[in-house]
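S.K.: Pasting a structure here, questions to come.
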Amino acid sequence: MGKDAARAEWDNPMQFVLACVSYAVGLGNVWRFPYLCQMHGGGGFLIPYLLMLVLLGVPLFYMELAIGQKMRLGSIGAWRAINPYLGGVGLASVVTSMYLCLYYNVINAWSFWYLFHSFQSVLPWAECPVNSNLTGHVEECERATPTQYFFYRETLDISGSIEENGGIHMGQALCLLLAWMIVYLFIVKGVKSTGKVVYFTATFPYLVLIIYLIRGVTLHGAINGVKYMFTPKMEQLANPTTWINAATQIFFSLGLGFGSLIAFASYNQYNNNFEKQAIVVSMVNSSTSIFASIVTFSIYGFKATFNYESCLERVRLLLLNTFDLAEDTISLENVIHWIAELNRTHPEQFASLGGRLETCDLEAELDTAVEGTGLAFIVYSEAIKNMPVSQLWSVLYFIMLLLLGMGSMLGNVIAVITPLSDLKFISRYMSTKTLNGLVCLFCLLLGLGFTTHSGNYWFTMFNDYGATFSLLFIVLIEVITVCYIYGIKRFEKDVEDMLGHRLNCYWKIMLAGVSPILLIALFIFYIVNYIQGGTPTYQAWNKELGKSVVTEYPPYAQAFIGLLLASSVCCIPLTALYTYCKKRNLASGKRERTVSTVSA
Amino acid sequence: MPSLTVPPGAPPILQSLTVPPGAPPILQSLAVTLERMLVRILVLLYLAGAPALAQTLCQPNASNGYRVRISIKTALGNQAYEWNENEMFLFRATMAFAMRRYYKTETYNVDNIIVCNQTRRVSFWFVVISPENPTMLIPKADVEKAVSMSRHRINNAFLLTDRTLEFLGIYPTLAEPVNPDTPPWLIVFGVVIGAVFAGIIALLVSSLLQKRRKEKGMMEDGQDEEDRQMKGVENGINLDGIYNRGFTDDDRFTKL
C-alpha cells in the first residue's frame, strides 16, 4: 500500500528470519521443553509435540506473518484495519506484551548477576559461606544446598511470603537497569539497529549449545540422562495432559498472540515470501528445542550421577567408620552388597545406624523434574560447579541464557513499540528514539517491583497468570476473526496478492477448521483446570527449613491475579463496545447535520 | 627397733607392717625380710606395670582422650602408604611436638603419648600423660588447644587434610573469608554498563549529527518551501493528506 512507503524495513529478508528465530528460540526451549519431555514419557512426547506443531503452530504462525506483512502496521492498527470492532485484539496483545516485558527482563537481570559472579576463583555457589564466628557454615546454607542458598539468599534475598515486602535488592536493581539499557541500545534506531543485532543474538546461542553438547556428552554419567530422556514411555500418550502440554508448549514457544510476529512482519517488503519463512522458523524452533534438551539431559545425567555417587561415598564412609573396617574393603561398587552383608552379620550395630543410612537411588535423582526459572538456575549452577574449569562453563552458559533472553526481549518490546509508534497522536509529538526510551524507562521503573524481597513471588504470579490464559483467548479470537469475520476468501486473495500463488488446501483446512477446534479445546481445558485447582498457591522459601513450602495466595494477591487475567481479555469486548458507540454517535451526528441543511 | 622407712606413697599394707615392740627377735628379722621382698616386688611390679597402668589410663571413651581416624587411601589413592608401627611412632612424635609447642617447654617426649585400641579402619584412641607425673593425664581442653594450634603441621606430616586425619571432637577452624573492598562482580558490572552507556550515547550522537548534516545539506541546495511541501515525505514522516480509499477495491476493506 502506498501509504506506508516510508515505513522502515529490514535490510534483507535474512534479518527478518533471524529476528523471528531469535524471538522464538528463547528460554522456554532450554528449560520448559526438556521438563515436558521428562514428565511425559521421554522420546514419546515428540509425537504429540510434532503433531501439534503441524496442526496448530505452523498455520497460526503463517497467519500472523500474513496479517503483519499485509497491513504493514503493528497489532493495534492491523486488527483495526481487519475489523474495526475487533481492534481490541491488538490492544489486548499489547497489554499482554507489556506484562511480559515487565517481568521477562528480570530473568535477564538474574543471568547478569550470575554471569558477573562467575568471574571468581571459586564460584560463590560452590560452597557455603562461613558463619560469623568461623566455626562452621551459615545455618540456612547447611539446611539447604549452597546453590539454593546462593539463589534464594544472595541473589534474591527472598522474604518468607508474598506479604513481606522489604526493600529493593540493590544488586538486582543494578542488573535490571543494565538489562534495560542493553534492550534500549538494541532498539534505539528501530529495525535498523535491531536488524544488525539479531545476526548475533540468533546465531551465537547455537555456537554455545554445540560447545555445551560436546562438553555435556563427554561428562561422566551424561549417558544416564540422555538414555532416561529418550526412553519412550508410550503409556503417557494416553494421558490427555500430555497432548495439552504439547499444544501449549508449541503455542508459547512460537510466541503467537503477543503481536511481535505481526510487528516484525510489518517491516517486510510487501512481496516477501513469508510462507517459506514461516515453515523454516517453526522447524528451526522445534529442532532447537530437541537439540537443547539433549544438552540439558546430558547435564542432568551428570548431576544425577554425581549426586548418586556422592551419596554412595557418604554411605561407604559411614559403614567404614561404624564397623571399623579397613578402607579398601568397601568400594563404591560393592556398597550395596556390603549393606546387606553387614545387616546380616552385625544386626544390632547395623540397627544403631538408624536414620543416618541414606538410600541412594539414581532413578530418583533423575526423576527430580526441574522446571521454571528459579529451579533451572539452581540445578544448572549445581551441575556447572562440579565440572572442571567451572568458571569458563559458567560464563559460557550465562552468556547463552542472556542472548536467548535478550532475543526474546527484543520481540516483546517491539510488539509494544510498533503499535504505539503507528498511533498518529504519538508519532506526531515524539520521535521513535524518545518513544523507545520512554517505554524502556517505564518498564524499568515498574520492573523494580520485581527486585524487592518478595519480588520473586510476584514474578511467579506474572509468569503463571500474566500471559497464559489471555493469549489463548486472543489467538482464538484472531483465528475466528480472520477465517470467519474477515473471511477466508478475502484472506486468500490478500495472500495471493502478496505471494503470487493461492493458499493451498493444507493452510485452508488448518486455519479454518483444525486450529480453531484445538484452540477451543485448549481454552476449555484451561478454564476447567483453573476452577478445579482451588485456591491458587505458590512456593514460599522457608529459611528455617531450608526449602520451599506451598502457600496460598492472600486475598489481595488473588484479586490481582484476576485483574491480570481480566485486563487483557476485557480489551476486546470493551473496544468493540467503544467502536460501536462511536459509530452510532457519528451516524446520528451525520443524520442531524443532513436534517439541519435541509431545514436551512 | 629396726624399722624400715616406709616410703610415703606405699600401699597401706606396708605401713601396717610395723612390728609391735616386745616381739621375739626372730619375728622381727622375718618381718624385715618380708618387708624388703614386698618392696622389691612392688617396685618391680610398678616398673613392669607402668605401661599396664598407662594402658588403663588410655581407654576408649576415656574422659581425657581423643579418637583419631585416618583415611590414607581416600586422601592419597594410588600413592597411599601403609599404616604401620613406624607411622604410629611418627604420630606420637608429632603429638609430642604439638604439646611442646603449646606449653612452650621441651619436656614432652614420645612416651608421653599413649595410644590404644587401634582398628583396621586405622582409628585409635590416644591420651597425653604429663612428663612430671606419669599418672596424670593432660586435660581434654588443653590437648584440644594444642592440636588446633599445630593442626596444619600435623596434617602435613602425614600428607593428609583436616577431613582425612580426623580428631573426633576437635573441629577445624575454617579459613577467614577473603573480603575484598569492592566485590569483584561490581567491577565487571561497571565495565559492562560503561560500555553499554558509551554505545547508547554514540548511537544517539551519531544520529543527531546525521540529521543536522542532512538539514544543512538540504538548505544549501536552495530548496524552497514549496518544493519541500510537494515532496511530501520528510524524515520518514508522511506529510501526505489522508489516503483516499475511494479508489480501492471495496471488498478489501470491511464496510463500516
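The values are calculated or read from the model by the stated rules, or taken from the named source; none is laboratory data. Note that the structure is a prediction, hence the values are computed from the model and not measured. Heads up, the Cβs are rebuilt from the backbone with ideal geometry, glycines too, and the neighbour counts pull from every protein chain shown. Side chains are part of the model used for accessible areas, which takes the heavy atoms of the whole protein and leaves out ligands, DNA and RNA. Shrake-Rupley method; radii C 1.70, N 1.55, O 1.52, S 1.80 Å.
S.K.: Among the residues of the stretch A:443-472, count how many are open to solvent by 30 Å² or more (accessible area, probe 1.4 Å), touching a Leu at 6+ places or on another chain (Cβ under 9 Å), among the hydrophobic types (A, V, I, L, M, F, W, C) and at pLDDT 90 or above.
M.R.: Going through the stretch A:443-472 one residue at a time, the tally reaches 2.
S.K.: Which one of A:Thr296, A:Thr345 is under 21 Å from A:Ala126 (Cα atoms), more than 14 Å from chain B (Cβ to nearest Cβ) and either loosely packed, with under 14 Cβ neighbours inside 10 Å or polar (S, T, N, Q) (or both)?
M.R.: A:Thr296
S.K.: Also, quick follow-up: Tell me, yes or no, whether the stretch A:238-252 has at least one residue that is outside any helix (DSSP H, G or I) and open to solvent by less than 30 Å² (accessible area, probe 1.4 Å).
M.R.: no
S.K.: Same structure, new question: Within the stretch B:97-114, can one find any residue that is touching a Gly at 6+ places or on another chain (Cβ under 9 Å) and farther than 13 Å from B:Phe158 by Cβ?
M.R.: Checked against the condition, which is being touching a Gly at 6+ places or on another chain (Cβ under 9 Å) and farther than 13 Å from B:Phe158 by Cβ, the stretch B:97-114 yields at least one hit.
Here is a yes/no grid of residues against (1) at the interface with another protein chain (Cβ under 10 Å from one of its Cβ atoms); (2) farther than 30 Å from A:Gln172 by Cβ:
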residue	(1), (2)
B:Met88	no, yes
B:Met99	no, yes
B:Tyr108	no, yes
B:Asp111	no, yes
B:Thr119	yes, yes
B:Ser130	no, yes
B:Arg153	no, yes
B:Leu174	yes, no
B:Gly190	yes, no
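S.K.: Looking at (1) over 30 Å from A:Cys141 (Cα atoms); (2) in contact with a Phe, Trp or Tyr (Cβ under 9 Å, 6 or more places away or on another chain); (3) crowded, with 17+ Cβ neighbours inside 10 Å, which one does A:Tyr553 not meet, given that it meets all the others?
M.R.: (1)
S.K.: Related question: Give the residues of the stretch A:1-17 that are open to solvent by 20 Å² or more (accessible area, probe 1.4 Å) and within 27 Å of A:Ile107 (Cα to Cα), sorted by residue number.
M.R.: Scanning the stretch A:1-17 gives a single hit, A:Val17.
S.K.: Quick check on my filter: what residues within the stretch A:164-201 are in contact with a Leu (Cβ under 7 Å, 6 or more places away or on another chain), within 11 Å of chain B (Cβ to nearest Cβ) and not in a helix (DSSP H, G or I)?
M.R.: Passing the criteria: A:Val188, A:Lys189.
S.K.: Here's a follow-up. Does B:Gly241 fit the bill of being open to solvent by less than 70 Å² (accessible area, probe 1.4 Å), more than 12 Å from every other protein chain (Cβ to nearest Cβ) and at pLDDT below 85?
M.R.: No; evaluated as a whole, the condition is false for this residue.
S.K.: Quick one: would you say A:Tyr104 is under 16 Å from A:Gly405 (Cβ atoms), away from chain B (no Cβ under 14 Å) and part of a helix (DSSP H, G or I)?
M.R.: yes
S.K.: At least 2 residues that are buried (at least 18 other Cβ atoms within 10 Å of the Cβ) in each: list the helices (runs of 4 or more DSSP H) lying fully within the stretch A:488-540 that qualify.
M.R.: A:488-499, A:515-532
S.K.: I need the full set of residues from the stretch A:26-57 which are of a type in the set (Val, Ile, Thr) and either without any contact (Cβ under 8 Å) to a residue 40 or more places away in the chain or open to solvent by 10 Å² or more (accessible area, probe 1.4 Å) (or both), in order please.
M.R.: Those that are of a type in the set (Val, Ile, Thr) and either without any contact (Cβ under 8 Å) to a residue 40 or more places away in the chain or open to solvent by 10 Å² or more (accessible area, probe 1.4 Å) (or both): A:Ile47, A:Val54.
S.K.: Would a scan of the stretch A:255-273 turn up a residue that is without any contact (Cβ under 8 Å) to a residue 24 or more places away in the chain, of a type in the set (A, V, I, L, M, F, W, C) and part of a helix (DSSP H, G or I)?
M.R.: No - not one qualifying residue is present in the stretch A:255-273.
S.K.: Could you grab me the full set of residues in the stretch A:311-331 that are open to solvent by 60 Å² or more (accessible area, probe 1.4 Å) and more than 10 Å from chain B (Cβ to nearest Cβ)?
M.R.: Selection gives A:Arg314 alone.
S.K.: Now a separate question. Of the residues A:Gln38, A:Gln15, only one is in a helix (DSSP H, G or I), under 25 Å from A:Gly500 (Cα atoms) and more than 17 Å from the chain's Cα centre (by Cα); which?
M.R.: After applying the criteria, what remains is A:Gln15.
S.K.: Just for the stretch A:81-101: of the residues that are within 10 Å of chain B (Cβ to nearest Cβ) and in a helix (DSSP H, G or I), which one is most open to solvent (accessible area, probe 1.4 Å)?
M.R.: A:Tyr85
S.K.: Further, regarding this structure: A:Tyr114 - would you say it is hydroxyl-bearing (Ser, Thr, Tyr), touching a helix residue (DSSP H, G or I) at 6+ places or on another chain (Cβ under 7 Å) and within 13 Å of chain B (Cβ to nearest Cβ)?
M.R.: Spelling it out, A:Tyr114 is indeed hydroxyl-bearing (Ser, Thr, Tyr), touching a helix residue (DSSP H, G or I) at 6+ places or on another chain (Cβ under 7 Å) and within 13 Å of chain B (Cβ to nearest Cβ).
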